[in-house]
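Scroll down for the structure; my scribbles are underneath it.
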Amino acid sequence: MYELWATATTYEDLHQNMLLSEDLWAPFRMESFCFDVTAANHKIPDARQKNIIDDFAYMGYTGEIRIKGASNVLTYLEECQYCV
């Protein structure tokens, strides 16, 4: 099950919208977590995936980072209408 915290048409707007929705995600800061970076219609290179994850550092998650079995899976889904 997913809970949508923010959407945007630009990466910069996404972060602004995330900050505006802090009341939704702040209660989970101390729980275990992992990031799932994925895309529709294209592949995000590994180096860029790491940059994307790093750009969410302002969320202040302090819980344990777990690849499997995390309490929270934070999913970043990028859509590209013009990618083939």
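Quick look at the numbers
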{"quantity": "Low-density loop cleavage sites - chymotrypsin sites (Phe, Trp or Tyr not before Pro) in the stretch 1-80, where at most 10 other Cβ are within 10 Å (DSSP)", "calculated": "2"}
{"quantity": "CD proxy at 222 nm, helix term only [per DSSP H run n ≥ 4: -39500 (n - 2.57); per residue of the chain; nearest 500]", "calculated": "-7000 deg cm²/dmol"}
{"quantity": "At most 14 other Cβ within 10 Å, DSSP loop - GluC sites (Glu not before Pro), the chain", "calculated": "3, 31, 64"}
{"quantity": "Accessible area per residue, Å², the chain with all protein chains present, probe 1.4 Å", "calculated": "73"}
{"quantity": "Computed over the chain, Kirkwood Rh from alpha-carbon pairs, angstrom", "calculated": "13.7"}
{"quantity": "Fraction of accessible area attributable to carbon and sulfur, the chain (%, probe 1.4 Å)", "calculated": "56"}
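The values are calculated or read from the model by the stated rules, or taken from the named source; none is laboratory data. Keep in mind that this is a model prediction, so the values were computed, not measured. Using ideal geometry, Cβ is built from the backbone for each residue, glycine included, and neighbour counts are taken over all protein chains shown. Surface accessibility is based on the protein's heavy atoms, side chains included, excluding ligands, DNA and RNA. Shrake-Rupley method; radii C 1.70, N 1.55, O 1.52, S 1.80 Å.
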